[in-house]
Ligand code: NAD
């Protein structure tokens, strides 16, 4: 039994408990062991953290873009120096494999440096006008920005998600998922050392108790939310009721991956397996959870996918050989099993039987084997609802037009992919599919600097690119008569 760490709340330069001393427990999803206590923040803590961020804002925004860039680069260096500690903390708190979180830390630091490098791109325009008149525009920070994050990439979403608001001159208060708070608390500690107190604050706790008062706070005019569609709807409603606020949302997906008959089938199978992100039990917004296969290659492809998926074995997150970790918590564990039962009830063909699995020495862990269902009805729950777990739905189709109709026939529109050698078909698909990101003969990989964001219920706004920085600024147009 390892020691249970009591994490403090950091308010500006001060470390303390939550206002009324309340805490909640963090557990290791792979063992069931209690690993930490976390401050259970409520409105008074939110008030204190936002006040500290407001106080820090003047100092931070006055630094100017080059100095802020310098500090963001130093923050990236400080994170690199503690990369292994961060990755291990996420692994014990989240349950996905350690190596996956090492990649998250690397992705975080390059994005911090990327956003630092864009510091001088936060610029306005001048307009041609009369001889004695000048019109120009400015891009100014909002002040205090709220960042609300989900459980699947705890450190990366907290730290990378702070980069764009910070470089634009805002200070940030993060509300991490109540299921994975620890690495965000560590991020706030590192940020305080490098950037000074209050520039990055954290309120840990639950959506209604800590998230809602943060969104509703009058000094928070900009909210960046990453999470589920219902979570995004609640945040939008709170922001609307509390005043008009700029809210961007990175939400769920039920992403289609289409395989045409002329595709390189080996590459397509790789694309399906990699795109499903089984390593982290498919707990990823971008997981390609609907595979649409041309009838001519359907049987062959399903057999190949089934073989690959059946070989996946969940294992302890800290074990370097682990191919797939544990689900984050009991809720996710039960949800995945519920959807496997739904697939069976709906009459889909079970190609790979998924379900709970025991891992030696980790009997209380939330491990599941992935499931593959074939001939799934495109209108069924298995095909329509985001499971956020390792349950793959395969659907055959006859023509590309039918595949596009099935691809678009859900409420989501995050990502989509196609495997084909037909250039025309690839471009028709890319043109007509309703998704914010499209892959042709590839899946899953994010392209550095490319805007990422969903269509339809999958989101509002784009991140990971210059558009994200611009979204953390307010435009102001200035008219000058100097006659
Ligand atoms: P969630 O919506 O349950 O929670 C996300 C965050 O919102 C948590 O911090 C939670 O405490 C907070 N929250 C909940 N209710 C709130 C409220 N009323 N006010 C303010 N905050 C509130 O999501 P989750 O289960 O943690 O994450 C999984 C979801 O996130 C999936 O749907 C997944 O697709 C999505 N996701 C999307 C992206 C993307 O980039 N599009 C990335 C990762 C995850």
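Tabulated results
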| read-out | value |
| --- | --- |
| Checking residue 204 against (1) touching a strand residue (DSSP E or B) at 6+ places or on another chain (Cβ under 8 Å); (2) away from the ligand (no atom under 16 Å from the Cβ), the condition it does not meet | (2) |
| Segment 356-391, residues that are part of a strand (DSSP E or B), touching a helix residue (DSSP H, G or I) at 6+ places or on another chain (Cβ under 8 Å), away from the ligand (no atom under 16 Å from the Cβ) and within 30 Å of residue 31 (Cα to Cα) | 356, 368, 371, 372, 373 |
| Among (1) in contact with a helix residue (DSSP H, G or I) (Cβ under 6 Å, 6 or more places away or on another chain); (2) under 24 Å from residue 249 (Cβ atoms); (3) more than 16 Å from the ligand (Cβ to nearest atom) - the single one residue 108 does not satisfy | (3) |
| Any hit, segment 124-133, residues being within 16 Å of the ligand (Cβ to nearest atom) and either surrounded by 24 or more Cβ atoms within 10 Å (Cβ to Cβ) or at negative phi (or both) | no |
| Hits in segment 41-60 - residues which are more than 19 Å from residue 192 (Cβ to Cβ) and touching a helix residue (DSSP H, G or I) at 6+ places or on another chain (Cβ under 7 Å) | 42, 43 |
| Selected residue (criterion: nearest to residue 229 (Cα to Cα)) from residues of segment 144-169 that are part of a strand (DSSP E or B) and within 11 Å of the ligand (Cβ to nearest atom) | 148 |
| Selection from segment 170-189 of residues that are more than 14 Å from the ligand (Cβ to nearest atom), in contact with a strand residue (DSSP E or B) (Cβ under 9 Å, 6 or more places away or on another chain) and either not assigned by TED's automatic domain parsing to the domain that holds residue 14 or not in a strand (DSSP E or B) (or both) | 170, 187, 188, 189 |
| Single residue of segment 207-222 satisfying the filter (touching a strand residue (DSSP E or B) at 6+ places or on another chain (Cβ under 6 Å) and near the ligand (Cβ under 9 Å from one of its atoms)) that is farthest from residue 14 (Cα to Cα) | 215 |
| Which listed residue is surrounded by 24 or more Cβ atoms within 10 Å (Cβ to Cβ), modelled with pLDDT of 95 or more and either within 13 Å of residue 148 (Cα to Cα) or more than 14 Å from the ligand (Cβ to nearest atom) (or both), from 199, 247, 194 | 199 |
| Residue 264 surrounded by fewer than 24 Cβ atoms within 10 Å (Cβ to Cβ), in contact (Cβ under 8 Å) with a residue 60 or more places away in the chain, assigned by TED's automatic domain parsing to the domain that holds residue 303 and over 26 Å from residue 473 (Cα atoms) | yes |
| Any hit, segment 402-412, residues being in the same structural domain as residue 265 (by TED's automatic domain parsing), within 16 Å of the ligand (Cβ to nearest atom) and closer than 23 Å to residue 151 by Cα | yes |
| Criterion: surrounded by fewer than 23 Cβ atoms within 10 Å (Cβ to Cβ), part of a helix (DSSP H, G or I) and either without any contact (Cβ under 8 Å) to a residue 40 or more places away in the chain or touching a strand residue (DSSP E or B) at 6+ places or on another chain (Cβ under 6 Å) (or both) - qualifying residue of 78, 48, 36 | 48 |
| Tally of residues being within 12 Å of the ligand (Cβ to nearest atom), within 17 Å of residue 108 (Cβ to Cβ) and part of a loop (DSSP other than H, G, I, E, B) across segment 447-483 | 1 |
| Extreme residue, surrounded by the most Cβ atoms within 10 Å (Cβ to Cβ), among residues of segment 9-30 that are touching a helix residue (DSSP H, G or I) at 6+ places or on another chain (Cβ under 8 Å) and farther than 15 Å from residue 44 by Cβ | 29 |
| Condition met for residue 96 (in contact with a helix residue (DSSP H, G or I) (Cβ under 6 Å, 6 or more places away or on another chain) and either surrounded by fewer than 21 Cβ atoms within 10 Å (Cβ to Cβ) or modelled with pLDDT of 95 or more (or both)) | yes |
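Quick grid of which residues meet (1) closer than 30 Å to residue 89 by Cβ; (2) at pLDDT below 95:
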{"position": "318", "(1), (2)": "yes, yes"}
{"position": "321", "(1), (2)": "yes, yes"}
{"position": "325", "(1), (2)": "yes, no"}
{"position": "336", "(1), (2)": "yes, no"}
{"position": "344", "(1), (2)": "no, no"}
{"position": "354", "(1), (2)": "yes, no"}
{"position": "359", "(1), (2)": "yes, no"}
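The values are calculated or read from the model by the stated rules, or taken from the named source; none is laboratory data. Note that the structure is a prediction, hence the values are computed from the model and not measured. Heads up, the Cβs are rebuilt from the backbone with ideal geometry, glycines too, and the neighbour counts pull from every protein chain shown.
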